[in-house]
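Visitor: Mind looking over this structure? Questions follow.
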Amino acid sequence: MNRRLPVLLGAALSLYAAEGRAQSATASSEVVPEKAAERRRSLQPEVAKTRRPGRVTFQSDPIADGCIIVVSLGSAGVLELINSTGEIRPQQIAPGFDRNNLISIDRGAVKSRFDSSAGRLSNLGLGVAALFAVVDPILSGAREGSVQTGIVDGILYAETASLTMALTNIVKIAVRRPRPIAYAEAEAHAQDQNYSNSSTDSSLSFFSGHASMSGAIGATATYLAFARSPGRWRPWLTLLLAGGITTFTSVERVRAGKHFPTDVIAGAFAGAGIGVVVPHLHRTEDVQQRPVWVGFNSAPAAERSYAQGGVLTLNGLF
């Protein structure tokens, strides 16, 4: 009798607690049936949303674009360091070289005196272009009401600038064209048989880095403006400002004796080409899904054997 008493008391307490829980559940809400629609949960990815009419979107792959930016900046930085050491011998101008042998539009760039303030003005023009590349993604994100838009635009500008910088430095070190100021100094020392130009920077005229960078940033800004605001005044204003800044910067580089007209023309075209290609390759007509996703969905009744289960899927875009 003494052994059964604790067992009976425990059973009574359990029944009391179960009854209390049942009453509480019934009072709060009804129990949802097992196969009710609201019990179904699926991780299967949804179909990508289509873009709104008249709107163009851009997508970025952080891994691929990040690698392009890092490799391009790294290559450009290493070339800058190599040029700064003076280990690369600059191209020497023949003592009897006649400036009339230059391309006709380049002959006027070789002068006895150059404008000392033109170099600062060209740096100012490049600085304005760089500032716009920083501010424009922020403004785009605010206009679109999307942080992702601002981030993607920032990546596009960074990729454009890094590729332009790398290409410019590679071409400079491959061509090694003397600057106009180097031709002027060679003419001034034409009677000095011992004269030799030892500055590596003096033979990095082709093509202009200021012109290529200004053209690249301006082209990217113009492409994005026309894609996002077609039929409005903003793209045309962006095109006008981009062309004006690139032209101003290029003219000042020629006035400073740093480049020939053909140097800045080639640089502006090369930069503009990169500035158009980069956003164009990131353009998409739809809001894209994730490149890779994992999903789980319940298995159909016909595929269930001994127990209820589900299907685990791995999908990707390659």
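Visitor: I'd like the Karplus ³J(HN,Hα) series for the stretch 217-231: coefficients 6.51, -1.76, 1.60, θ = phi - 60°, whole numbers in Hz, and an x wherever there's a Gly or Pro.
Guide: Ordered by residue, 3J(HN,Hα) equals 5, x, 5, 5, 4, 5, 4, 5, 5, 5, 6, 8, 10, x, x Hz.
Visitor: Moving on. The stretch 73-90 to the stretch 142-210: how many Å between their Cα centroids?
Guide: First find each Cα centre; the distance between them is then 12 Å.
Visitor: Taking neighbour counts of Cβ atoms within 10 Å as a proxy for exposure, in what order, fewest first, do GLU159, GLU87, GLU185 appear?
Guide: Fewest-to-most ranking of GLU159, GLU87, GLU185: GLU87, GLU185, GLU159.
Visitor: Oh, and also: List every residue whose amide H lies under 5 Å from the amide H of THR57, counting only residues 5 or more places away in sequence or on a different chain, with H placed 1.01 Å from N in the peptide plane.
Guide: Sorted by chain and number, the residues that satisfy this are THR284.
Visitor: Can you tell me how much longer the chain between ILE105 and LEU131 gets when fully stretched, taken as 0.36 nm per residue apart minus their C-alpha distance, in nm with one decimal?
Guide: Separation in residues times 0.36 nm, less the Cα-Cα distance, equals 6.2 nm.
Visitor: Same structure again: Divide the volume of the convex hull of the Cα atoms of the stretch 58-284 by its number of residues and quote the answer in cubic angstrom per residue.
Guide: Numbers: hull volume 27.2 nm³, N = 227.
Hull volume over Cα atoms, normalised by residue count, gives 120 Å³.
Visitor: Let me ask something else. Once phi is turned into ³J(HN,Hα) by the Karplus curve 6.51 cos²θ - 1.76 cosθ + 1.60 with θ = phi - 60°, what whole-Hz value does each residue of the stretch 152-168 show in order, with x for glycine and proline?
Guide: Result, rounded to whole Hz: 5, 4, x, 5, 4, 5, 5, 5, 4, 5, 5, 5, 5, 5, 5, 4, 4.
Visitor: What does the net charge come to around SER208 if you take all other residues with beta carbon closer than 14 Å to its beta carbon, with K and R at +1 and D and E at -1?
Guide: Net local charge, SER208 excluded: +2.
Visitor: If R₀ is 51 angstrom, what is the calculated FRET efficiency for the pair ALA64 and ASP192, using the beta carbon separation as r and rounding to 0.05? It would help to have the intermediate numbers written out before the result.
Guide: Numbers: r = 54 Å, r/R0 = 1.06.
After rounding, the FRET efficiency stands at 0.40.
Visitor: For an R0 of 25 angstrom, estimate the FRET efficiency from the Cβ-Cβ distance between GLN91 and SER116 and round to the nearest 0.05.
Guide: Approximately 0.50, to the nearest 0.05.
Visitor: Once R0 is set to 45 Å, what does the formula 1/(1 + (r/R0)^6) return for the Cβ-Cβ distance between ILE151 and ALA174, expressed as a FRET efficiency to the nearest 0.05? All intermediate terms of the calculation are to be shown ahead of the outcome.
Guide: Values: r = 35 Å, r/R0 = 0.77.
Computed FRET efficiency for ILE151 and ALA174 comes out at 0.80.
Bear in mind these aren't lab numbers, they're just calculated from the coordinates by the rules spelled out. Note that the coordinates shown come from a computational prediction; the quantities given were computed from them, not determined experimentally. FYI the Cβ positions are ideal-geometry reconstructions off the backbone, even for glycines, and counts take in every protein chain you see.
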